[in-house]
Amino acid sequence: ILGGYSVKEQLKEVYGLTNEFYNAISDRIYINRELISRMNINFIESYELSKHPYISYDAAVQITDYRNKKGPYKNVDELLENEIIDRQTFNKICPYLKVK
């Protein structure tokens with residue numbers, strides 16, 4: 001559902017995966033960020049965006065409302081610069097978003 005893992009620590013969020021097991025395998029985990037599925041925030045609708053586990057419905061609506069009022073995003077950083085979402089949310093969702 002995420003579209004891929006951007007950091008290996010995200011595996012700790014997997015239901016049923018214990019810290020002990022994670023610690024036992026963590027040195028053998030390789031993350032390829034190039035394989036992450038990214039959503040284009042200039043075209044995606046809020047209901048699709050909110051399907052992502054890290055994006056609440058409210059955040060999805062804010063992202064699409066801003067785009068509809070101000071025009072296409074030039075870069076993903078605009079979400080943070082224009083206070084559309086907070087830094088913590090931005091850091092989690094940024095790897096899953098694109099503008100081109």
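The table that follows gives values for the structure above.
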quantity	calculated
Shape parameters for segment 56-100, alpha-carbon atoms, Rg then Dmax in Å	9.6, 25
Check: the chain dipole with +1 on Lys, Arg Cβ and -1 on Asp, Glu Cβ, in debye	320
C-alpha long axis of helix 57-70 to longest principal axis of the chain, angle in °	40
Portion, in percent, of the accessible area of the chain that falls on carbon or sulfur, probe 1.4 Å	49
Accessible area per residue in Å² at 1.4 Å probe, computed on segment 33-75	66
Under Karplus coefficients 6.51, -1.76 and 1.60, residue-wise ³J(HN,Hα) of segment 22-32 in Hz, glycine/proline x	4, 4, 5, 10, 4, 6, 10, 8, 10, 10, 10
The chain - Rg (one decimal) and Dmax (whole number), Cα, Å	15.1, 49
Amide H within-cut-off set for residue 39, under 5 Å, with H built and near neighbours excluded	97, 98
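The values are calculated or read from the model by the stated rules, or taken from the named source; none is laboratory data. Treat the numbers as computed from the prediction; the structure is a model and nothing was measured. As a convention, Cβ positions derive from the backbone with ideal geometry for all residues, glycine included, and neighbour counts pool all protein chains shown. When the accessible area is computed, the model is the full protein with side chains, heavy atoms only, and any ligands, DNA or RNA have been set aside. Shrake-Rupley method; radii C 1.70, N 1.55, O 1.52, S 1.80 Å.
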